[in-house]
Amino acid sequence: QVHLVESGGALVQAGGSLKLSCGASGGILSTYAVGWFRQAPGKERDFVATINRSGGLTTYTDSVKGRFTVSRDNAKNTVYLQMNSLKPEDTAVYYCAARRLYGGRSSSEYDYWGQGTQVTVSS
């Protein structure tokens, strides 16, 4: 079983950048595909991006394409979400999650979750 911990959330102005990290303990993260999700107040948890175990494949939701980049450093047991050109509508709690197979876009497909990190984008 892998334990995930997100970090890097902050308050940032529109147009700014943040880099979120998803660290793992209790397991080898390189054996999992990892997804990023976000949940705004009163809304469902939505898919943001996912990366396969090697880092060679990525998928993004349309609203973040060209602005967000998911990557991983398996030697550090860490997955990253680089977020550029942030918009107020990106404000949410961001979660990372892990599953064995790449390609999941639904939160129900993921087995392990972090506790989330708050990203707030001011206009």
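The values are calculated or read from the model by the stated rules, or taken from the named source; none is laboratory data. These numbers come from a predicted model, not from an experiment. Here the Cβ positions follow ideal geometry from the backbone for every residue, glycine too, while neighbour counts run over all protein chains shown. The accessibility values were calculated without ligands, DNA or RNA, using every heavy atom of the protein model including side chains. Shrake-Rupley method; radii C 1.70, N 1.55, O 1.52, S 1.80 Å.
Filter the GluC sites (Glu not before Pro) in the range 43-123 to those in DSSP coil with at most 15 other Cβ atoms within 10 Å of their Cβ, and list the result. Of the GluC sites (Glu not before Pro), the ones in loops of the range 43-123 whose Cβ has at most 15 other Cβ atoms within 10 Å are Glu44.
Look at the alpha carbon pairs under 8 Å that are at least 6 residues apart: their mean separation over the length of the range 1-89 gives a relative contact order of 32 percent.
Whole-Hz Karplus values for the range 26-32 come out as x, x, 9, 5, 5, 8, 10 Hz, taken residue by residue from phi with 6.51 cos²θ - 1.76 cosθ + 1.60 and θ = phi - 60°; glycine and proline positions read x. At a probe radius of 1.4 angstrom, the accessible area of the range 9-123 per residue rounds to 48 square angstrom.
Rolling a 1.4 Å probe over the protein heavy atoms of the chain, with every protein chain left in place, gives an accessible area that is 47 percent carbon and sulfur. Listed by chain and number, the lysines placed with their C-alpha closer than 20 angstrom to that of Lys43 are Lys87; residues fewer than eight positions away on the same chain are left out. Here the Karplus curve 6.51 cos²θ - 1.76 cosθ + 1.60, taken at θ = phi - 60°, turns the phi angles of the range 42-48 into couplings of x, 10, 6, 7, 10, 5, 10 Hz, with x standing for Gly and Pro. For trypsin sites (Lys or Arg not before Pro), the sites in the range 3-85 that DSSP calls loop and that have at most 11 other Cβ atoms within 10 Å are Lys43, Lys65. In this label model, His3 and Arg105 are separated by 3.4 nm, measuring between points 7 Å along each Cα→Cβ vector.
Relative to one another, the C-alpha centroids of the range 80-115 and the range 1-51 are positioned 5 Å apart.
When both bridge partners sit in the chain, DSSP labels roughly 95% of those beta bridges antiparallel.
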